[in-house]
Amino acid sequence: MKIISAKYIFKDGEYINNSAIVFDDSIIEVDTLDNIKMKYPNIEHIEYSKNSIIYPGFINLHTHLEFSANRAKLKLGNFIEWLYSVFEYRDELVAKLDEQTIDSAIEQMKSSGVTTFGAISSFGADMRACRESKLRVIYFNEVIGSSAAMVDALFQDFKLRLDESKSISDDRFYPAIAIHSPYSVHPFLLREVLNIAKKEAMLVTAHFLESKEEREWLEGASGAFKELFKKFFNVDTPVTSIDEFLDAFKDIKTLFTHCTQADKKELDIINQNRGSVIHCPRSNRLLNCGVLDISNVNSLLLGTDGLSSNYSLSILDELKSALFMHTKYPPKELALNLIKSVTINAANATNLNVGNIKQGAFADFAIFELPDDLSDESSGSLALNTIIECRSAKEVYIAGEKI
Ligand SMILES: [Zn+2]
């Protein structure tokens, strides 16, 4: 058992000061520093001074580690060109993947203060590395496949990967489910996989309305997807509509990723179903997918996406980009909301015991140090300065251990 304290602690979405945390692998108590010292006079006290902030470890809810071998093979700048390049180089990139590549991708996240991440896994190639990582992982086994002839085989393959991930689950490795997207998953697969999610109370994520081409295809069987689907799958019509797809998630609290092309009505349906939206601003920009309308999102989360469509997995880089992208919000207000998107909002959306500093939560911390001469100590300023001044976390703890 130890005490940790700093000038500020980010708790329940606010900054508190003169406080301390007692912890072992979980948080035992949070109170004023004086009370804690009186109650626990003889235990080790780790004191971060100056303008340090103890945050709950940050949560990056969307990445694809299986594409970590990509640097510039996949074509950025245009969603459709990128998608064609994924078809072309996917196998090559996955074949190049080794443990060192995955470990260095995870290390990038950790350096930026991430202690929990959501990994979308299409093949299971990153399962062992994720399991062995010191970070907590929500391991989203992905289902993909729109061809009716293939659904049985794809469903079997999905179940094998899911079962394997379940067999190695513990409190650092949480098996979960990813639906690739409305355009790429056959309604049979969607129904069967969501039935498993419901029965086993598993967390679900899905890419949703990432590009204008996706909307054109789902709404009118037209646009650039028409040629792509003809070429690769010999089909002329989408497997589902936007409304049908959303309807399938009615009773399932889902994390929808991107939603850059979703309108207010669709975002309202997600809000009504207690769903969340994972915002990946850099990936969206690099694939020219537009800007998510965050004003219509009740539960905003943040993800770096994979190195398939980004140049780093630093959540600090992602926070910075989001801050500069949404220019209609005052910087301090937006910064505080963004800090919540990687902490308390993520805690609420995933129901995991992470993302907040409270009794009983895992002792996962990210310590950041702000400039010594900081004069504006308002919440918005602390959030803003964390995002613009910090290049990395000073220290990261998981389950009470410095890693
Ligand atoms: Zn993705």
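Values quoted throughout were computed directly from the atomic coordinates according to the rules given, and no laboratory measurement underlies them. None of these values were measured; they are calculated from a predicted model. Because the Cβ atoms are built from the backbone with ideal geometry, glycine has one as well, and the counts that use them run over all protein chains shown.
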The size of the Cβ-based charge dipole (Lys, Arg +1; Asp, Glu -1) of segment 306-376 about the Cα centre, to the nearest 20 debye, is 380
Most exposed to least, judged by fewest other Cβ atoms within 10 Å, Thr101, Thr237 sort to Thr237, Thr101
Subtracting the Cα-Cα distance of Glu244 and Phe188 from 0.36 nm times their residue separation yields 18.9 nm
For Lys328, the aspartates and glutamates lying under 14 Å Cα to Cα, once residues fewer than eight places off in the same chain are dropped, come out as Asp293
When Met1, Met202, Met150 are ranked with the fewest other C-beta atoms within 10 Å first, the list becomes Met1, Met150, Met202
Rounded to whole angstrom, the alpha-carbon centroid of segment 191-266 lies from that of segment 1-29 at a distance of 41
Checked against a 30 Å limit on the C-alpha separation, the offending pairs among Lys37/Lys332; Lys159/Lys358; Lys50/Lys320; Lys2/Lys110 are Lys37/Lys332; Lys159/Lys358
Cα-based Rg then Dmax for segment 58-350, in Å, read 17.6, 52
If R0 = 35 Å, then Ser222 and Arg131, at their Cβ-Cβ distance, give a FRET efficiency to the nearest 0.05 of 0.20
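Between Lys159 and Ser295, what FRET efficiency follows from the Cβ-Cβ distance if R0 is 45 Å, with the result rounded to 0.05? Walk me through the numbers on the way to the answer.
Values: r = 40 Å, r/R0 = 0.88.
According to the calculation, E is roughly 0.70.
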Check: C-alpha center segment 67-144 vs C-alpha center segment 358-399, spacing in Å is 27
Straight-line reach check, Lys39, cutoff 20 Å on alpha carbons, 8 or more apart in-chain or any other chain, hits among aspartates and glutamates -> Asp24, Asp25, Glu29, Asp31, Glu47
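For the pairs Lys166/Lys253; Lys134/Lys198; Lys199/Lys253, flag any whose C-alpha to C-alpha distance is greater than 23 Å. Walk me through the intermediate numbers first.
Numbers: Lys166/Lys253 20 Å; Lys134/Lys198 29 Å; Lys199/Lys253 13 Å.
Listed pairs above 23 Å: Lys134/Lys198.
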